[in-house]
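Here's the structure we're looking at; comments come further down.
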Amino acid sequence: MVTPEQVREALKECFDPEIPVNIVDLGLIYDIKVSPEDEVHITMTLTTPGCGMAQQIAYQAKDKAKSVPGVKDAKVSVVWEPPWDASKMSDEARKKLGMA
């Protein structure tokens with residue numbers, strides 16, 4: 001059975017092209033659910049609603065989730081509530097961006 005942790009690890013390979021930090025450490029991943037049929041549903045946001053890379057980042061997240069052994073399918077929902085802010089970033093991301 002696929003676990004949300006496995007998917008989360010795979011998503012650490014996804015990056016916003018404008019920010020040198022992965023989408024997990026940026027705090028963009030709000031939820032990962034895995035069904036009994038090993039279908040993954042990711043709820044995520046972006047740093048701003050006007051992000052020009054929104055579609056590319058969502059596709060990249062879907063592809064990385066589908067690359068996890070055992071995943072049958074993946075869906076990504078981009079949401080705007082709650083809005084993203086810098087407090088959602090990991091300590092490592094803050095350090096990398098010079099915010100710590």
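No lab work stands behind these numbers, since they all come straight from the coordinates. Since we're looking at a predicted model, the values are computed, not measured. When we count neighbours, we look across all protein chains shown, and the Cβ atoms used for this are built from the backbone with ideal geometry, even at glycine.
Amide H contacts of V76: I42, each under 5 Å away and 5 or more positions distant or on a separate chain (H built 1.01 Å from N in the peptide plane; Pro and chain starts excluded). To the nearest ten degrees, helix 54-66 and the longest principal axis of the Cα atoms of the chain are 40 degrees apart. The alpha-carbon positions of the stretch 25-75 define a convex hull whose volume is 73 Å³ per residue. The string of couplings for the stretch 72-77 from the Karplus curve (6.51, -1.76, 1.60, θ = phi - 60°) is 8, 7, 9, 10, 10, 10 Hz, one whole number per residue in order, with x for Gly and Pro. Electrostatic tally near P20: other residues with Cβ closer than 15 Å to its Cβ, Lys and Arg +1, Asp and Glu -1, net -1. Neighbour counts of other Cβ atoms within 10 Å put D85, D63 in the fewest-to-most order D85, D63.
Report the residues of the stretch 1-33 in range of a label on E39: point 7 Å along Cα→C-beta, backbone N strictly under 14 Å from it. Answer for the stretch 1-33: 33.
The count of lysine pairs in the stretch 40-100 that are at least 8 places apart or cross chains, and whose C-alpha atoms lie under 29 Å apart, stands at 15. Principal axis extents of the C-alpha atoms in the chain (largest first, rounded to whole Å): 40, 25, 22.
Its DSSP H runs of at least 4 residues, each contributing -39,500 (n - 2.57), put the calculated 222 nm mean residue ellipticity of the chain at -7500 deg cm²/dmol, to the nearest 500.
Computed over the chain, relative contact order equals 32 percent, with contacts defined as Cα pairs under 8 Å that lie 6+ residues apart. Note that the stretch 12-19 has calculated 3J(HN,Hα) couplings of 5, 8, 9, 10, 6, x, 8, 10 Hz, one per residue in order, obtained from phi through the Karplus relation 6.51 cos²θ - 1.76 cosθ + 1.60 (θ = phi - 60°); glycine and proline are x.
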